[in-house]
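Note sheet for the following structure.
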Amino acid sequence: MSTLTATTLVSRHSKTPSSASTTQTLINDDTPSTSRTATPNEHQHDQGVKCPVTGQAHGFCPAQKTDSRSPCPALNALANHGYLPRNGQHIHVGQLIKALREGYNLTLPLASFLAVAACMLLGQFRSISLYDLSRHNLIEHDASVVHADATPGSEYAPTQVMRSLVTRLIRTIGHERTDRMTLDDIANIRVNREAETHVLDKMHAEIARGELTIALGVLGGKSAYEDGADIGAFREWLVEERFPEGWRPDHKQGLWGTYRATRRVDNKMQELRAALAEKKKSVSREGSMCESKDSPAVAKL
Ligand code: HEM
Ligand SMILES: [Mg+2]
């Protein structure tokens, strides 16, 4: 059995306040930046895909103050690379489908399914901004892997990546295969995060499994579901919201292949949860045995 990280379960994270601004999705603490290039001076992006400073259509430029960004690393990276409007606003469903196909090589059925489902869940059929995606409990959900939960009562969840969650995520993965994130790792991450916050309803649990499973498939390449994906590349994409250095999609990521992989994750999650429940039971059995042994002593006190 792969490493069961029940022992890594920790108490619930302190929450960062939900951002009222539309931008600033990246970690903003004091750790050194791992950026490959210097960040350009503050500037404004318009609705176009070409950055006025870098001059490139698909070169990387991080979100600027006025840009709208989401809790989705994949869509933020598409905007940071100009596959979506760099300002992250007024995105039509057709634009979303095109960007998913060009940037990640998703098949038309998978890209259409994701884009249409997103508009339906948001109830926005004309256009969306990336920040709309952070509306809590529509698509966005609790127990995200690198984002804190929405504060109670707030309409929007944070779009900032939390460094402490990234660190923990990286520690949790790569046990099965050194330096590689696998489908079993995804199951492990999901079980741990939901144990920390709460178990998600069916729809959001499916969404949460899907997010990581598509990411693994896209970043890890053709054999990702057997061989995993490079953790360094995954981290770079997740944290910097940019395509990993040297990475290009090498296959078409389809609906059926993704669905089958999510079933494997789901099965593994059930296995892990059963093992966790068994472990808890045996701990409480041992506890009650100790208690019954202790009781006479306690009675004496
Ligand atoms: C129309 C397409 C898409 C939409 C509307 C969308 C939307 C979202 C939303 C709203 C979240 C926040 C969920 C949460 O954690 O609370 C999210 C997270 C995520 N998305 Fe996407 N997404 C799309 C496509 C993709 C693709 C193609 C990938 C992978 C290549 C991806 C990977 C992820 C990952 C890994 C997360 C988890 C972030 C975390 O847990 O902290 N998404 N997405
Ligand atoms: Mg969330």
Could you work out how far apart the two model spin labels at K98 and E278 are, taking each label as a point 7 Å from the Cα in the direction of the beta carbon, and quote it in nm? 5.3
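When a footprinting reagent is the concern and you count Cβ atoms within 10 Å, what order do D230, D250, D185 take, fewest first? Present the calculation step by step, with values, prior to reporting the outcome.
Values: D230 19, D250 12, D185 28.
Fewest-to-most ranking of D230, D250, D185: D250, D230, D185.
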Row for region 95-254, column shape: gyration tensor on C-alpha, a ≥ b ≥ c, rounded if a/c < 1.5 i.e. under 1.5, prolate if a/b over b/c, else oblate; value oblate
Loop only by DSSP, 12 or fewer other Cβ within 10 Å of the Cβ. Give me the GluC sites (Glu not before Pro) in region 82-191 that pass, ordered by residue number. E155
Hand me the trypsin sites (Lys or Arg not before Pro) from region 238-271 located in a DSSP loop with no more than 16 other Cβ atoms within 10 Å, in residue order please. K252
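Trypsin sites (Lys or Arg not before Pro), restricted to region 72-179: which are DSSP loop and have at most 13 other Cβ atoms within 10 Å? Provide the component values of the computation, followed by the final result.
On the way: sites: R86, K98, R101, R126, R135, R163, R168, R171, R177; in loops: R86, R126.
Listed in order of number, the matching sites are R126.
Quick one: length gained pulling S223 to Q270 fully straight, 0.36 nm per residue minus the C-alpha distance?
Result: 14.5 nm gained on full extension.
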Fully extended, how many nm does the chain gain between Y259 and T66 (0.36 nm per residue separation, minus their Cα-Cα distance)? 65.9 nm
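Dipole of region 154-301, Cα-centred, from +1 at each Lys and Arg C-beta and -1 at each Asp and Glu C-beta, to the nearest 20 debye?
380
The numbers here are math on the coordinates, done by the rules we state, and not lab data. These figures come from a predicted structure and were not determined experimentally. A quick note on method: Cβ atoms are made from the backbone with ideal geometry, for glycine too, and the neighbour counts reach across all protein chains shown.
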